[in-house]
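The values are calculated or read from the model by the stated rules, or taken from the named source; none is laboratory data. Quick caveat: nothing in here was measured; it's all calculated off a predicted structure. Please note: Cβ atoms are built from the backbone with ideal geometry, for glycine as well, and neighbour counts cover all protein chains shown.
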Amino acid sequence: MKQLLPFTLALLTIGCTTTQPAVQAPQQVNQPIAPTAKPVKTHIMYYWVDPITQGQSIPSISGEFYWQDGCLYLLNQYGKLAATFPEFPKDAIQWNEQDKTLTITNKDSPPKQFTFKMGDVIYTNGSNFRYEDISVDRFMNDKTPEDIKCLSSAVGVANLGTISIEKYDMSDQP
């Protein structure tokens, strides 16, 4: 019996101890961050105006601003039109890439600024044309590759002016 006592005590001691392996906290391995896609830079298109008079088209145009693949468009009853702005004055058009907002300074004295979010509606002086109404090859002849990219996914062009600007915020509309 005395010989069984140490053996029994050994079994009890072993049986009462934990047999589960110790759980180790997972080690974090610092892996290099995969490069993300190159951010898209928005291309703003301009139309020619005389640098002296800076005259613009007087008829009116309206529509909703829309951004897609680095291009600005105006959506209206004619479809998706590539938005273009007067070349002069140079600082009349400002684009905020991060917020995707467009600020237009009008020609009032003193000038007023209007900031448009994508989806906002503009009423302003300007004109538009659809490609079916013009010789597209001649029109595209002097355009940059960035212009052509934006122009090719539109049905026409909206020449937006800076003389008479009205803004409608459509963010609260269903």
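How about region 48-68: which of its residues are of a type outside the set (S, T, N, Q) and modelled with pLDDT under 95? So that I can check it myself, show each step before the final result.
Looking only at region 48-68, we keep the residues that are of a type outside the set (S, T, N, Q), and these are 48-52, 55, 58-59, 61, 63-67.
The answer is TRP48, VAL49, ASP50, PRO51, ILE52, GLY55, ILE58, PRO59.
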Selected residue (criterion: surrounded by the fewest Cβ atoms within 10 Å (Cβ to Cβ)) from residues of region 66-88 that are within 11 Å of the chain's Cα centre (by Cα) and free of Cβ contacts under 8 Å to residues at least 60 places away in the same chain: TYR66
Selection count, region 89-119, where residues are buried (at least 18 other Cβ atoms within 10 Å of the Cβ) and within 17 Å of GLU64 (Cβ to Cβ): 3
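Please find, within region 109-132, the residue that is nearest to the chain's Cα centre (by Cα) out of those that are part of a strand (DSSP E or B) and of a type in the set (Ser, Thr, Tyr).
Of all residues in region 109-132, those part of a strand (DSSP E or B) come to 113-117, 121-130.
Of the ones still in play, those that are also of a type in the set (Ser, Thr, Tyr) are 115, 123-124, 127.
On the way: THR115: 15, TYR123: 21, THR124: 22, SER127: 24 Å.
Checked region 109-132; the qualifying residue nearest to the chain's Cα centre (by Cα) is THR115.
Which one of ASP108, ASP120 is farther than 20 Å from TYR46 by Cβ and touching a residue at least 24 places away in the same chain (Cβ under 8 Å)? Give the derivation first.
Numbers: ASP108 fails: touching a residue at least 24 places away in the same chain (Cβ under 8 Å).
Among ASP108, ASP120, only ASP120 is farther than 20 Å from TYR46 by Cβ and touching a residue at least 24 places away in the same chain (Cβ under 8 Å).
Which is closer than 17 Å to CYS71 by Cα and surrounded by 13 or more Cβ atoms within 10 Å (Cβ to Cβ), of ASN159, ASN125? If you could, list the steps in order and put the result at the bottom.
Details: ASN125 fails: closer than 17 Å to CYS71 by Cα.
Step by step, each of ASN159, ASN125 is checked, and only ASN159 is closer than 17 Å to CYS71 by Cα and surrounded by 13 or more Cβ atoms within 10 Å (Cβ to Cβ).
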